Amino acid sequence: MRRKGQNLKSVEVLAAKIRNLPAVEWNNVTKLVLVYFFSTLYFYLPVNTLYLRSRGLSYVEINSLWGIIVGTMFFTEIPTGILADRMGHKRAIMAALGMQLLGEIIYIFANRYWIFVASSIVAGLGFAFSSGCIEALVYDELSARQREGEMSKAMGLIQAAQRAANLLAFSVGGFLIADMTQARFVLGIVATACAVAAGWGFTFTLRERQDIQRTVDTGHSLQLLQDGIHILRHNRDFRLLAMLAVATLPFSNYLEMYQTRLANAGLSPAWLGITRALAAGMSILGSRYAYRLESWLGSKHSLLLVTALPGILFLVAAVIHPALSVIAYCTLSGSMSLKDPIFSGHLNRHIERQNRATVLSLISMASGLYVALMGVLIGRIGDSSLTAAFVVYGGGGIGRGICVSSENYGLGKTV
């Protein structure tokens with residue numbers, strides 16, 4: 001009887017704790033978490049190269065498809081950013097996911113190179129449309145509730161959902177396309193298209209602030225672009241912060257080069273998969289809890305950490321013993337996931353809401369150019385010596401940390 005009473009008391013205590021848990025708010029942040037969780041479930045991605053080869057594409061053609069996506073994004077960043085500010089960020093995200101879904105549908109039926117090219121162009125347009133709109137929609141909602149300081153937390157939650165989707169998709173995809181037949185390949189693409197469709201469906205539940213008036217006169221688009229350039233030219237703090245954000249891009253492809261180190265350390269393919277899963281887990285934690293760095297360290301010191309830490313870890317990874325390669329890879333992955341949530345809040349505080357997507361698209365276009373140029377440079381160095389490539393990137397990280405320590409960047413300012 002006494003044990004029964006203790007068990008009943010334990011159940012009551014547990015029920016009380018559950019009742020006291022904070023309720024999940026059905027707001028744009030929660031909706032965007034669902035949108036980008038489902039739209040990032042790319043089940044076929046781990047075997048995509050094998051699928052394209054089975055369709056008769058050469059390696060040159062396969063590599064060109066990603067170049068087409070990046071090129072499309074580069075040339076449409078500003079036009080789509082201006083359109084997003086005119087038509088509304090909610091509608092822009094709906095259009096972005098709609099084009100992403102259309103790209104996957106084309107991919108299902110593609111059997112010639114030019115059809116894959118068409119799919120890549122549509123996908124690039126979709127990615128360009130969503131660039132900046134997520135941050136703009138989230139920041140507008142938080143500012144309406146006077147909770148702009150939670151921007152890092154909100155963006156970290158969305159990015160953690162994307163990384164969780166990657167982890168799930170890569171794990172399930174391995175079983176879904178286990179026998180590598182054409183039918184299984186297509187099944188993986190269809191499953192991906194269905195997941196993207198679910199994400200697109202959630203975009204219809206998004207809400208945009210009614211007090212943001214959109215103008216549609218013919219001169220407004222040019223004015224949006226001029227205002228964006230004006231901010232970059234005349235707001236020194238914002239310009240320096242934007243340049244630092246571009247220069248601190250995570251460069252996840254550099255981590256892909258580290259797979260050679262892992263293989264040289266004697267890891268089997270199975271352990272390589274487990275290592276990638278662990279790294280994805282570290283990225284989820286980094287994105288989800290990056291916002292806490294600001295409360296612990298303050299704005300400037302958290303910015304210093306997210307810019308300098310990956311550089312320091314790359315230097316360590318360049319000389320570390322092969323037996324510790326797994327730890328280095330996972331730690332690097334986690335540290336590189338801290339950047340976007342922290343920078344997002346600081347950048348958005350400097351931008352007027354009527355042209356937020358346009359300005360963020362300008363930064364995104366600069367980021368694409370920087371990635372293309374630095375990717376070639378680091379790749380060339382890596383062909384000669386992986387250690388040298390890591391040292392170059394690591395040294396750049398230390399340099400960026402010095403830049404942060406010597407400037408204030410107008411942290412905490414709000415337009």
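Those helices (runs of 4 or more DSSP H) of region 18-136 in which 3 or more residues are farther than 29 Å from Val172 by Cβ occupy 59-87, 89-109.
In region 177-277, counting only helices (runs of 4 or more DSSP H) that sit wholly within it, the ones holding 1 or more residues that are modelled with pLDDT of 75 or more and in the same structural domain as Leu313 (by TED's automatic domain parsing) span 220-234, 236-247.
Regarding Ser364, is this residue at pLDDT 70 or above and more than 20 Å from the chain's Cα centre (by Cα)? Walk me through how you get there before you give the answer.
Working: at pLDDT 70 or above: yes; more than 20 Å from the chain's Cα centre (by Cα): no.
It is false that Ser364 is at pLDDT 70 or above and more than 20 Å from the chain's Cα centre (by Cα).
So which residues in region 278-304 are part of a helix (DSSP H, G or I) and within 14 Å of Asp340 (Cβ to Cβ)? Within region 278-304, Ser283, Ile284, Gly286, Ser287, Arg288, Tyr289, Tyr291, Leu293, Glu294, Ser302, Leu303 meet the criteria.
Name the residue that is surrounded by the fewest Cβ atoms within 10 Å (Cβ to Cβ), counting only residues in region 346-357 that are assigned to a helix (DSSP H, G or I) and at pLDDT 75 or above. Full working, then the answer.
The first filter runs over region 346-357 and keeps only residues assigned to a helix (DSSP H, G or I), leaving 346-348, 353-357.
When the remaining residues are screened for being at pLDDT 75 or above, the result is 346-348.
On the way: His346: 25, Leu347: 23, Asn348: 25.
Among residues in region 346-357 that are assigned to a helix (DSSP H, G or I) and at pLDDT 75 or above, the one surrounded by the fewest Cβ atoms within 10 Å (Cβ to Cβ) is Leu347.
The values are calculated or read from the model by the stated rules, or taken from the named source; none is laboratory data. Predicted, not measured: the structure shown is a model, and the values here were computed from it. Ideal geometry is used to build each Cβ from the backbone, glycine not excepted, and the neighbour counts take in all protein chains shown.
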